[in-house]
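Contents: one structure, followed by commentary.
The values are calculated or read from the model by the stated rules, or taken from the named source; none is laboratory data. These numbers come from a predicted model, not from an experiment. All Cβ positions, even for glycine, are placed from backbone atoms using ideal geometry, and neighbour counts span all protein chains on display.
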Amino acid sequence: MAESILIVSGKGGVGKSVIAANLGAALASAGRSTVIIDADIGLRSQDTLLGLENLVVYDLIDAVNKECTISEALHDCPSCPGLKLLPASQFARVRDLDRNRFRKMINTLKQDYEYILIDAPAGIEKGFRNLLNAQPDRVLLVTTPDQLCIRDAERAAQVIEAKQLPRPELIVNRLENELIRRKEMLSARVIADTLDLPLAGEIPDDPVVYRSVLRNSLFINYDCEARLAVLRIAERLHGSMIPFPEIGKQRITLRQRLFPRIPKEVTPLDRH
Ligand SMILES: Nc1ncnc2c1ncn2[C@@H]1O[C@H](COP(=O)(O)OP(=O)(O)OP(=O)(O)O)[C@@H](O)[C@H]1O
Ligand SMILES: [Mg+2]
């Protein structure tokens, strides 16, 4: 059954967009038809992340306002066959998005695609609330392990609960194994328990994420820890009981310290 999944956060800059792009690519690579909707109106990023910069013709607002057909606004992602992007409008405002038409458009997309991932703007203001009115089937709430971010995630979870939407599932991003081991950082499990939310994924802080963004490519195309983390989340979304590695429990050997893994390019399906 098709699912619409809204990806939100309290604080901005926690990794929603890179997670949405790579999760979408992971799902599409596994043969699950997926659309990413960039709903960060005015501040789009998915076109760059997915290698579509300067190729966008029609966008989300055009499609919702019926200035084009939905298929005209759906762009094929060159970096990931099978993945489609509905880009955000660069010059529109959040208020230009008609919530009822948007909801209908998502229902239409659900007839043709298995997963509709919606990349939300940061915060709990109008743009975010508009998207909650689209009644997504699932909500992924992204946070980093720092206290300010966790506090804002809690606030976002309260707003989501007040709208009587499904309980958000938590993704904790940018975890540092060594800091957790030294008890200088909270683990994903502790954060999920504190927020009383189910854990959907834990993603390490990984320099390959930054490097892939620099290259306008996806980190799931590289052999790295973040890639494995996102592939696990994709499998969990699909209902598999994939265990959590529990970042912070791993002991780094001297050999790993001396010879860190050099990321190499791989295609996502190589490792399946
Ligand atoms: N796991 C990670 N390891 C290292 N860097 C990361 C990780 N996740 C995200 N980043 C860095 O954080 C930056 C911001 O990520 P991103 O744009 O996805 O955040 P966002 O939550 O969508 O921001 P906004 O709220 O502004 O939309 C990325 O460019 C990337 O360099
Ligand atoms: Mg973003």
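Condition first: out of contact with any Asp or Glu (no Cβ under 6 Å at 6 or more places or on another chain) and surrounded by 20 or more Cβ atoms within 10 Å (Cβ to Cβ). Now tell me which residues in segment 177-196 satisfy that.
177, 180, 186, 187, 191, 192
Which pairs do you get when a residue that is hydroxyl-bearing (Ser, Thr, Tyr), found in segment 216-227, comes within reach of a residue that is at pLDDT below 90 and surrounded by 24 or more Cβ atoms within 10 Å (Cβ to Cβ), reach meaning Cβ atoms under 8 angstrom, with the pair 6+ apart or on two chains?
222/212
Consider segment 115-135. How many of its residues are more than 18 Å from residue 151 (Cβ to Cβ) and within 15 Å of ligand 2 (Cβ to nearest atom)?
Residues in segment 115-135 being more than 18 Å from residue 151 (Cβ to Cβ) and within 15 Å of ligand 2 (Cβ to nearest atom): 7 in total.
Name the helices (runs of 4 or more DSSP H) wholly within segment 76-169 that hold at least 3 residues that are at pLDDT 90 or above, farther than 24 Å from residue 218 by Cα and touching a helix residue (DSSP H, G or I) at 6+ places or on another chain (Cβ under 9 Å)?
Answer list for segment 76-169: 99-112, 147-162.
Restricting to segment 9-48, name every residue that is within 9 Å of ligand 1 (Cβ to nearest atom) and in contact with a strand residue (DSSP E or B) (Cβ under 9 Å, 6 or more places away or on another chain).
From segment 9-48, those within 9 Å of ligand 1 (Cβ to nearest atom) are 9, 11-21, 40, 43, 45; that's our starting set.
Correct list: 9, 11, 14, 15, 16, 17, 18, 19, 20, 21, 40, 45.
Tell me which of these residue 205 doesn't satisfy, since it passes every other one: (1) surrounded by fewer than 20 Cβ atoms within 10 Å (Cβ to Cβ); (2) under 17 Å from residue 20 (Cα atoms); (3) out of contact with any Asp or Glu (no Cβ under 6 Å at 6 or more places or on another chain).
Here residue 205 clears every test but (3).
Given the conditions (1) closer than 26 Å to residue 3 by Cβ; (2) among the acidic types (Asp, Glu); (3) modelled with pLDDT under 95, and given that residue 206 satisfies all but one, which numbered condition is not satisfied?
Against the list (1) closer than 26 Å to residue 3 by Cβ; (2) among the acidic types (Asp, Glu); (3) modelled with pLDDT under 95, residue 206 comes up short only on (1).
Let me confirm something: among 88, 63, which residue is within 16 Å of ligand 1 (Cβ to nearest atom) and of a type in the set (Gly, Ala, Ser)?
Step by step, each of 88, 63 is checked, and only 88 is within 16 Å of ligand 1 (Cβ to nearest atom) and of a type in the set (Gly, Ala, Ser).
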